[in-house]
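K.L.:
My structure is below; once you've seen it, I'll send some questions.
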Amino acid sequence: MKKIFRNRLLAVTAAAAASFLLLSGFDSALTVEEVVANMNAATAQMGGVNADVKGVADVSVDISAGGETQSLAATGSVDMKVQLTVDPLVIAVSGSMEGDASSLGMSSGSLEMEVYIAGQEDGSGITYVRAPIGGDTSWHAAALTAEDMATMSESIKAAFGGDPLAAGETLGMDLSSINEKLMANMTLAPEAVNVNGVDCYEIGQTVDGETFFSILSEVMKAMPQNAGIDESSLSAVQMLLGGLKLDAVTDCSVEDFAPVYASVDLSGSDFSMIGQMFGAMMPTSEEGASAPQIDVNVNALNMTMNYEEVPAQIEIPAEALEAEVETTLSLNEAAQAVESVE
């Protein structure tokens, strides 16, 4: 009798769990590819982004030479609100950044900033910036060329098109191979997870240095200004990325596949090659002495995004709109200047 009761209890419990998953919208039959496709489509329908972005960096550098070791630390954090509407194109970024790298001979401190980018009727754009430095709390404005605004708008619309391969065609790049590499490293949690009070599909992903370098190489080769990059430079980049390990998590609603949360974590990476590179570059105190041993320890290096409902429109402060346009920025001219220097 007890065995029968136990089996019935287990059956009822299993049925209740299954009913809960069905009521929550979770479909265990979906593949990770299908969830990603649905999430891309849902993102396209959102028409923009509204997210709280937080980042943390905690790195220590140990320098060993002459039997002694000196430990230096560098920390930083980012806390930003990022908003974007695709049509009309308006971008708003505000928040704070803090950092302390004084032990490495670099500056430290905090910065509050606000940035808005908005298109104009003639196709050009204006960037409004307020970043109080040295007591300057004024808004500053700079114009963006119509060419740059068109490029920015096309890129953003392509990214929100719901089809990454079509987006690549819009940008003049073949993303099919890159998409395959990324999808190969994605896994889907077998059950719904609750994130910020929302039942979600959870996608996990790990990208190692070899995969990241392969993707980076394809992107660089597709960019005309980098077509002539030499093999030695690529080899150096490959060595530096060898120990990279990127762990990512993406959560989207089981109801409508809208993104809810995303995170990127590089804390598990091995940056010993960077330490060796800097060690080889440092001068030695005595002729014939060995180069100092430098160990880079990444205690934390991550970023998270919590999504909220996209606003119907982004309001630019009146004080910003009143700022005088001081100069015109041309990203295309800046890129050409870099190419000429190379």
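The values are calculated or read from the model by the stated rules, or taken from the named source; none is laboratory data. Predicted, not measured: the structure shown is a model, and the values here were computed from it. Note that each Cβ is placed from the backbone with ideal geometry, even for glycine, and that neighbours are counted across all protein chains shown.
K.L.:
For region 113-167, name all the residues that are at pLDDT below 85, over 20 Å from Glu326 (Cβ atoms) and not in a helix (DSSP H, G or I).
P.N.:
Phe160, Gly161, Gly162, Asp163 - these are the residues of region 113-167 that are at pLDDT below 85, over 20 Å from Glu326 (Cβ atoms) and not in a helix (DSSP H, G or I).
K.L.:
Which one of these does Asn194 not meet: (1) modelled with pLDDT of 70 or more; (2) surrounded by 15 or more Cβ atoms within 10 Å (Cβ to Cβ); (3) not small (Gly, Ala, Ser)?
P.N.:
(2)
K.L.:
Using the structure shown, decide if Glu322 is modelled with pLDDT of 90 or more and within 25 Å of the chain's Cα centre (by Cα).
P.N.:
Here the answer is no, as Glu322 does not meet what is asked.
K.L.:
Just one of Ser19, Ser60, Ser77, Ser96 is modelled with pLDDT under 90 and surrounded by 12 or more Cβ atoms within 10 Å (Cβ to Cβ); which is it?
P.N.:
Of Ser19, Ser60, Ser77, Ser96, the one residue that is modelled with pLDDT under 90 and surrounded by 12 or more Cβ atoms within 10 Å (Cβ to Cβ) is Ser60.
K.L.:
Among residues belonging to region 81-93 that are under 18 Å from the mean Cα position of the chain (by Cα) and either hydrophobic (A, V, I, L, M, F, W, C) or loosely packed, with under 14 Cβ neighbours inside 10 Å (or both), point out the one that is farthest from Gly47 (Cα to Cα).
P.N.:
Val93
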